[in-house]
Amino acid sequence: MIFLDGSDKYLEMGMLPYRARNWQGRIIREDRCSEWVDLMGGSPSEKITRLKIKLDDQFHFEGELTEEMDGFYAKTYREDFTDLNNDERIKKLEQSNGKIIISDLEVQNEKEIDKNIKKSFKFELPDGAEEIGNNIYLNPLLFLAITSNPFKSEDRQFPVIMKYPTSIINTVNFMLPNNVKVESLPANQVLSISDKDVLFKYKVVENGDFLRVTFELKLNTILYLPEEYKLLKEFYNQIISKNTERIVLIKT
């Protein structure tokens, strides 16, 4: 069985618009039998982002981003960017990604709805590091970090319903200059919620002059009851706390 909806030009085959994801639909067959079908599940929408960053001896960043997205991530990108010219796209990306300066933007498969969006660009970030005395402080995920909890209220009276299952994987590779060494790194961490198909992984690996930071967030469960709200909120609080931890370098 394949879902089709002709009302949205950016929907892939098998996807339904948000307004039609109404828990269950009724399938009626030619022999007049019928049954309920789930409209909310399906494969997670996935976004995979990779950064390659080189720090110069003044601790300015030069980097490259490559990103691939499918499902609702690709749909959202097409809605937001397809009708913009290249300069408008760069301006919008710079505004949403901190103080980076973008060049050489390339996007593939924008009009081929059945294919994943593939995006790449080069960037500079002059103020990506904070220098205090003999120490240099880096935000490991830069503009990919989650820094705000979407769940603000202390309590909730109604269920939380995510729009769709998601999978986010971010990998950041740093090449360090030879005038520093690593003083401290954020600890690795794995989080989950009991009885829910959700997972957060965070890992930092040092290898000579290279650092690799891996962030993985999978949210396959989309329904959370009011009594589960505090668990979900705390799950995000811990993600944000980990995202704000910094790499500390020391000058040599």
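Each value in this text was obtained by applying a stated rule to the coordinates, not by laboratory testing. Since we're looking at a predicted model, the values are computed, not measured. When we count neighbours, we look across all protein chains shown, and the Cβ atoms used for this are built from the backbone with ideal geometry, even at glycine.
Comparing 27, 240, 146 in a Gaussian network model of the chain, where Cα atoms under 10 Å apart are tied by springs, the biggest mean-square fluctuation is seen for 27. Listed values (1) 20.6; (2) 19.7; (3) 23.8 include one computed from this model; for Kirkwood radius over Cα pairs in Å that value carries the label (1). Within the same chain, aspartates and glutamates fewer than 8 places from residue 242 are excluded, and of the rest, those with a Cα less than 13 Å from its Cα are 216, 234. Between the residues 22, 3, 214, the greatest Cα displacement towards the positive end of the dipole of the chain, with unit charges on the Cβ of Lys, Arg, Asp and Glu, is found for 22. Assign one of three labels to segment 181-239, namely rounded, prolate or oblate, based on the Cα gyration tensor with a ≥ b ≥ c the square roots of its eigenvalues; rounded applies when a/c is under 1.5, prolate when it is not and a/b is larger than b/c, and oblate otherwise. Because a/c hits 1.5 or more and a/b exceeds b/c, segment 181-239 counts as prolate. Dipole magnitude for the chain: computed about the Cα centre from +1 point charges on Lys and Arg Cβ and -1 point charges on Asp and Glu Cβ, it is near 360 debye.
Compute the relative contact order of the chain as a whole-number percentage, counting only Cα pairs closer than 8 Å that sit 6 or more residues apart in sequence.
Values: 487 pairs, mean separation 51.0, N = 252.
Value for the chain: 20 percent.
Compute the Kirkwood hydrodynamic radius of segment 1-145, taking the inverse of the mean of 1/r over all pairs of distinct Cα atoms, and give it in Å to one decimal. After inverting the pairwise mean of 1/r, the radius is 18.2 Å.
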